[in-house]
Amino acid sequence: MKTVLRGKPVLQFFLAVLLVIGWGSNCFGEIPVYRLYNNIQKAHLYSTDMNEKAVLEAAPGWSYEGVAWKGYDSDVGQYPVYRLYSPILGKHLFTIDENEKNVLRGGGKWQYELIAFYANVNPYTGDIPIYRLYNDRLKQHLFTADANEKNTLAAAGVWVYEGIAFYTMPASCQCTDFRSMVAFGDSLSDHHGLESYLGTFHPVENPNGVLPSWTNGDVWIEYLAASRNAVLDNNAIAGAMTRGHENANIQALSDAGQLPQLGLVGQVNLYASESPAFIPTDTLFVILIGGNDLLEYGRGESSAANVAELITNGIDNILNSMGTIAAEGALNFLVVNLPDIGKTPAYNTRPAEDILAASALAAAFNTALAYGLDEFQKMYPGITIYTFDLFSFLNEMIANNAFIDGVGTYLVLDAQGNPTGATNEPAEDHLFWDAIHPTTRAHEMLADRVDNAVLEGTCVQ
C-alpha cells in the first residue's frame, strides 16, 4: 500500500496549527485536599498533608471541615497548583497560574512553599470547578467546590468572586472497574475482524484473504482487556476509516450488500442493530480510528475537497457514532487519539517537510477531536469520556529509546513498503512491525500505559 502524504499543501495549511497534547484522565492518583478553619485568624487552610492536618487539628483555634476536593498527584496532562505563604498576612494562597506565582514571589511578601497537587486549566470529564473568592477586609482568599457557598458569600458583599481557580476531582470521587470492553477501530485494534469476512490469506487457496492481525501477536486492546480481566467484544476492522473502508474493492462489496459497512459508522450501526445487552456502569466502549482517513487523503483518494473538510467529516463520524452508542445506554467511553504519523517508517525517512506535514496532519486531527469530545460532553453530561494521548506516547517511546530499533521495521519491506517475507530478528527489538503498525511488544506497552494512566482507579461520581 502506498502511503505518501503530499508535503507542501498540508504543511502550508498547518504551519499555524496548535498541537494539543497531554489529555487528562480522571481519578488517576487522587489526593484528598483537607480544609481546615482557624476561628481566631478567621482563615481557611487547605492541605494535602495528613500530618499537617493532624497537627493543626490539635492546635488551638483550628477545626477540620472535611475533604474539600481531590487533586491529581501527577502531571499526566495536568498542571501544578502552587501553594504560597505570606508571613506578613499569615495567609496562604493557591494558584495554577505560574505567572501569578512568580509575580507574588518577586514582590517579597509571598514565599513559595510547594506544589500542593495537580489540576486542570480546562475541565476534563468528571472534573468540577474550584471557585476563588477574596475578602479585602481579612486579606485572604477562599477556595470552594460548593457553588452555593460561593454564591452566598459573593451575594453578601464582603467576598468578591474572582473566578474559577482550576478544575479537579470532586471529594466524592469513587472508584469503579470495567468488566466488559467493546472496541471499534481499524488495524491498530483489529485481530480476526477483517479476517472473519475475507478469510485467512493464502497465496494459492485464498489470495484475497487477509492476515489475522497487523502485528506479530495480540493487539493493545486485547492486552488491556486481559489486564483488567474484562470480556472483550472487538468490532475493529483493518482498513476501516471513520466512514467506509480504505480498500476500494472491499468498499465495493459493502456497497453491493455482500459485506456490511466496515468503517466506524458501519461497525457501530451493526453493533446497535443487534440490540446489544450490556451493563452500562460495567462496560467501557473504546474507539481508536482516523488514521486511514488521513492516509487515503494523502494518496489523493479521499472524497474530501480539503484538509478542513477531511477533519470535520472524520470528527463528525466519531461523535455521531458515539451518539449512537450512547442511545443504546452507554455511559463510559475511552477515546484514543492518533499517533504521530510522521514518526512511522512510512514517513520518517522522507524529506523534512513531508515528515512535518504528516505530523501536523495527525496533530490537527487530534486537536479537532479534543474539541469535539468537549462539545460531546456538554451534550451528554451524564457520560464519562476517558482519553489517551497516543500521539505523545509514541514520541515518548522513540525519545526514550524504549526499543533498540525505534525507526525501522521488523518485517523487511521492499521499495513500495510491501513485506518481502524476510524479517529483522529479534522482533522484540523493534517498535514497528511494518511501515505503520507497531509490534506486539509495543501494543503491550501501550496497554500497560493506558491501564496505569487512565483506567487504574477510574472515577465515577
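Each reported figure results from applying straightforward, stated rules to the coordinates on display, with no laboratory input. The structure displayed is predicted, hence computed values, not measured ones. With ideal geometry, Cβ positions are generated from the backbone for all residues, glycine too; neighbour counts draw on all protein chains shown.
Here are some notes:
- Shape box of segment 147-256 [Cα atoms, principal axes, largest first, Å]: 84, 33, 21
- Rounded to the nearest whole Hz, the Karplus-based 3J(HN,Hα) values (6.51 cos²θ - 1.76 cosθ + 1.60, θ = phi - 60°) of segment 292-301 follow the sequence 5, 4, 5, 5, 5, 4, x, 7, x, 10, with x at glycine and proline.
- Estimated distance in nm for a label pair at Asp448 and Asn249, the labels positioned 7 Å out from Cα along Cα-to-Cβ: 3.9
- Per-pair calculated FRET efficiency, R0 = 25 Å: Asp177 and Glu425 via Cβ, rounded to 0.05: 0.05
- Segment 30-168, relative contact order in percent, only Cα pairs under 8 angstrom and at least six apart counted: 22
- Taking Ser213, Ser392 and counting other C-beta atoms within 10 Å, the order from fewest to most: Ser392, Ser213
- When Thr168, Thr409 are arranged by Cβ crowding within 10 Å, least crowded first, meaning fewest neighbours, the order is Thr409, Thr168.
- Look at the alpha carbon pairs under 8 Å that are at least 6 residues apart: their mean separation over the length of the chain gives a relative contact order of 19 percent.
- Backbone HN-Hα couplings from phi across segment 418-426 [Karplus 6.51/-1.76/1.60, Hz, Gly and Pro as x]: 9, x, 8, x, 8, 9, 9, 7, x
- Qualifying GluC sites (Glu not before Pro) for segment 270-326 [loop in DSSP, other Cβ within 10 Å: at most 13]: Glu274, Glu301
- A Cβ-based charge dipole, computed about the Cα centre of the chain with Lys and Arg at +1 and Asp and Glu at -1, lands at about 1800 debye.
- Segment 139-241: GluC sites (Glu not before Pro) in DSSP coil with no more than 16 other Cβ atoms inside 10 Å: Glu205
- FRET efficiency, Ser196 to Tyr134 (Cβ-Cβ, R0 60 Å, nearest 0.05): 0.45
- Diffusion coefficient, µm² s⁻¹, Stokes-Einstein with Kirkwood Rh over alpha-carbon pairs of segment 404-455 at 20 °C and 1.002 mPa s: 184
- Looking at the chain alone, DSSP beta bridges between its own residues are antiparallel in about 70 percent of cases.
- Extension gain, Val103 back to Val204 (0.36 nm per residue minus Cα-Cα distance, nm): 29.0 nm
- Neighbour-count ranking [beta-carbon atoms within 10 angstrom, fewest first] of Met397, Met181, Met50: Met50, Met397, Met181
- Where only alpha carbons of the chain are counted, the Rg and the Dmax (Å): 25.4, 88
- Scattering curve values for segment 30-168, log₁₀ I(q)/I(0), Debye with Cα scatterers, q = 0.12, 0.13, 0.22 Å⁻¹: -0.46, -0.55, -1.63
- One decimal place: the segment Val158-Ser275 gains 36.4 nm when fully extended, by the rule 0.36 nm per residue minus the C-alpha distance.
- When the helices of the chain are scored as -39500 (n - 2.57) per DSSP H run of n ≥ 4 and the total is divided over every residue, the value at 222 nm lands at -9500 deg cm²/dmol.
- All alpha carbon pair distances within segment 330-461 were sorted into 5 Å bins beginning at 0; the resulting P(r) in whole percents reads 2, 10, 16, 19, 18, 14, 10, 7, 4, 1, 0.
- Estimated at 0.36 nm per residue, the fully extended path between Ala327 and Ala399 surpasses their Cα-Cα distance by 21.8 nm.
- Amide H contacts of Val182: Asp233, Leu284, Phe285, Val286, each under 5 Å away and 5 or more positions distant or on a separate chain (H built 1.01 Å from N in the peptide plane; Pro and chain starts excluded).
- Sum of side-chain charges, Gly66 neighbourhood, beta-carbon under 15 Å (Lys, Arg +1; Asp, Glu -1): -1
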